[in-house]
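First comes the structure, then the notes that go with it.
Read the figures in this text as sums done on the coordinates, not as results from a lab. Please read these numbers as outputs of a predicted model, since none were measured by experiment. For neighbour counting, all protein chains shown are included, and Cβ atoms are generated from backbone atoms with ideal geometry for every residue, glycine included.
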Amino acid sequence: MEDEAGRGCVCGLKTVGVGSFGDGEGGAGAGRLFRVEPGHSAAFVLEQATLLMGCAQQLTLDASIEQEGASSWAAHFLIGMAKALVEDLAHSLPSST
């Protein structure tokens, strides 16, 4: 999917509900605590992922200056959520084969 200028286009792509984050109660092999809901547009998902990563960037800066562990953990969780959003959207991309 490309637009007229040859750039990648995310038009019509939607989440499929496979992106997840956070180990479940039983640990890493258990069901995930958070899962992306299917049906959200790519533009919305990318906007939300960008916002999460921007917050995480600020938290990591604060943590490095203040030597504060809570900010590091908050950034870790935000980045995991942003990653789940992008991974979910990647599953809806058409196969190039």
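Remarks
- The phi torsions of the stretch 62-70, fed into the Karplus equation with coefficients 6.51, -1.76 and 1.60 and a -60° offset, translate into couplings of 4, 5, 5, 7, 9, 6, 10, x, 4 Hz, rounded to whole numbers, with Gly and Pro shown as x.
- Judged by the mean number of other Cβ atoms found within 10 Å, the most tightly packed of the peptides 42-55, 71-84 leads the ranking 71-84, 42-55.
- Convex hull of the stretch 13-75 built on C-alpha atoms - directionally averaged projected area, nm²: 5.1
- Each 5 Å bin, from zero up to the one with the longest distance, holds this percent of the alpha carbon pairs of the stretch 41-97: 4, 21, 23, 17, 13, 9, 6, 4, 2, 0.
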